[in-house]
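J.: Here's a structure for you.
The values are calculated or read from the model by the stated rules, or taken from the named source; none is laboratory data. It should be emphasised that the depicted structure is a prediction, and the values quoted were computed from it without experimental measurement. Cβ: placed from backbone, ideal geometry, glycine included. Neighbour counts: every protein chain shown. In case anyone asks, the SASA skips ligands and DNA or RNA and just uses the protein heavy atoms, side chains included. Shrake-Rupley method; radii C 1.70, N 1.55, O 1.52, S 1.80 Å.
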Amino acid sequence: MIKVSICMAYYNRSEYVLECVNSLLEQNYDAFEVIVVNDGSSDTLTKEKLNSIQNSRLRVVHQSNTGFVGAIRNAISLSQGEYIAIQGAGDVSLPTRIEKQANVLDKNPEIGMVSCLFENVDFGGEKNGFRTKRSYSRTNIDATDFLSGANPFGHGEVMFRKSIYEKVGGYRTFFKFSQDLDLWLRMIEHCKAIIIPEYLYERRKFIKDGVSTDEKKLFLQKYLAEFARQCYVDRKIEGSDFIDLYGMHAGLFKSPNKEISKLISKRIFKALKDENPSLVKFYTRFSKSEPKTIGLTIALALAEVNKFKLGQKLIAKSIQLYLKIR
């Protein structure tokens, strides 16, 4: 019997295929399958290495590129398990991850989502191999944990009930990034969620193609995270959100957001500090529809002064002062 379907969307990162997939096939658990959707990888070695793994538990599907959401939706649609475990491409699950998460769901029918602690590992660049442990102070998670600050779930380490996933409509294609936060905020309305206080997962941060190491991708991710939170509030108040109403055009109705203002101001300060005028211009464009916080007002003023050579020394000193007092 298949109780857990481990689903993964894979794109390139061929050098990590064997370690990643084998970490799943070698789990201390019996009732599972692994479904990997190769999302049109441009690196032919990815397809070759996936096909080289001979195991009855593994199903590999090759498709044209659709992006993460399209690929992971496809993987889940092919699943047979009662529980869905997500796995990040190139990441590693420790041997007891699936067993411990499945046991939580088996014993607690009110729980619909279960995460665990994980370790971040940098791959590429100056910090190659650098490890940081991601902990979280709370075990029982509710909507308030998802509505502010950092997302308590990392995504790749999460297991959830397929029935609740299907009830809320699954991952939404509107979200290029932060699709996980949007999903958790819809599922949390129908179940409880917990974090197992054990390190059961290794999340890799890839400098060459990862979101967490690309400044503009990270900016969009945080932008979409705030919109996912707005959607949650809209559903609570109005019974539906703008994605329900307008689909791909929903972003036209994003509300002004102070968190976005803070993010933009930090990015402008960093771009000024790094003497990168193109990024200053890029982030300034987003400020027009956001609340003018003190930080954003100062950042925009410095961006104007930066257009003149005489103001550049003043900017450097102002940024240093701001970073000390903020």
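J.: Determine the gain in length on full extension of the stretch THR96-ASN22; use 0.36 nm per residue of separation and subtract their C-alpha separation, reporting nm with one decimal.
T.: Difference between extended and current length: 25.3 nm.
J.: First measure r as the distance between the Cβ atoms of GLU304 and LYS222, then evaluate 1/(1 + (r/R0)^6) with R0 = 30 Å and state the FRET efficiency to the nearest 0.05.
T.: E between GLU304 and LYS222, to the nearest 0.05, is 0.75.
J.: Right, something else. Helix-only estimate, please: 222 nm mean residue ellipticity of the chain, summing -39500 (n - 2.57) across DSSP H runs of length 4 or more and dividing by its residues, to the nearest 500.
T.: Rounded to the nearest 500, it is -13000 deg cm²/dmol.
J.: Explain nothing, just the number: dipole magnitude of the range 1-124 about its Cα centre with +1 on each Lys and Arg Cβ and -1 on each Asp and Glu Cβ, in debye rounded to the nearest 20.
T.: 280 debye
J.: Assuming 0.36 nm per residue, please report the length gained on full extension of the stretch LEU245 to ASP30 beyond their Cα-Cα distance.
T.: Working it through step by step, the gained length comes to 73.1 nm.
J.: Right, next: For GLU238 and GLU166, what is the calculated FRET efficiency with R₀ set at 25 Å and r taken between the beta-carbons, to the nearest 0.05?
T.: That pair, GLU238 with GLU166, gives E of 0.60.
J.: What is the spin-label model distance, in nm, from PHE253 to ALA143 if the labels are put 7 Å beyond Cα along the C-beta direction?
T.: According to this spin-label approximation, the distance is 1.8 nm.
J.: Is the C-alpha gyration tensor of the chain telling us rounded, prolate or oblate? Criteria: a/c under 1.5 is rounded; beyond that, a/b larger than b/c is prolate, otherwise oblate.
T.: prolate
J.: Quick one: pull the percent of accessible area on the chain belonging to carbon and sulfur, 1.4 Å probe, ligands and nucleic acids left out.
T.: The nonpolar share, carbon plus sulfur, comes to 53 percent.
J.: If each of ASP214 and ARG131 carries a label point 7 Å out from its Cα toward its Cβ, how far apart are those two points in nm?
T.: Going by the 7 Å Cα→Cβ label model, 2.8 nm.
J.: Which whole-number value in Å² is the accessible area per residue of the range 1-153, probe 1.4 Å?
T.: That works out to 45 Å² for each residue.
J.: Additional query: Give, rounded to the nearest 20 debye, the magnitude of the charge dipole that the chain has about its Cα centre when Lys and Arg contribute +1 at Cβ and Asp and Glu contribute -1 at Cβ.
T.: In total the dipole reaches around 1560 debye.
J.: Right, another one. So how exposed is LEU105, as accessible area in Å² (1.4 Å probe, rounded to 10)?
T.: Using a 1.4 Å probe on the heavy atoms, I get roughly 0 Å².
J.: For the pair HIS62 and MET1, what calculated FRET efficiency results from E = 1/(1 + (r/R0)^6), where r is the Cβ-Cβ distance and R0 = 30 Å, to the nearest 0.05?
T.: 0.65
J.: Mind checking which of TYR201, ILE264, ILE35 is farthest towards the positive end of the chain's charge dipole, using Cβ charges of +1 (Lys, Arg) and -1 (Asp, Glu) about the Cα centre?
T.: ILE264
J.: Follow-up. Run the numbers for GLU15 and ASN108: contour at 0.36 nm per residue of separation, minus the present Cα-Cα distance, in nm.
T.: Length difference between fully extended and current span is 29.7 nm.
J.: I've got another one for you. Which listed residue (PHE130, GLY295, THR144) has the Cα farthest towards the positive end of the charge dipole for the chain, taking +1 on Lys and Arg C-beta and -1 on Asp and Glu C-beta about the Cα centre?
T.: GLY295
J.: Given a 1.4 Å probe and heavy atoms of the protein chains only, how would you sort ARG229, ARG59, ARG285, largest accessible area at the top?
T.: Result of the area sort, largest leading: ARG285, ARG59, ARG229.
J.: To continue, here is another question. If I ignore ligands, DNA and RNA and count only protein heavy atoms, how much of GLU166 is accessible to a 1.4 Å probe, in Å² to the nearest 10?
T.: Counting only protein heavy atoms, the figure is 110 Å².
J.: Suppose a student asked you for the relative contact order of the chain, using Cα pairs under 8 Å spaced at least 6 residues apart; what percent would you report?
T.: About 15 percent, as a whole number.
J.: While we're looking at this one, here's another question. Ranking request for peptides 20-28, 5-13, 93-101: highest mean number of other beta-carbon atoms within 10 Å first, then the rest in descending order.
T.: Result, highest mean Cβ count within 10 Å first: 5-13, 93-101, 20-28.
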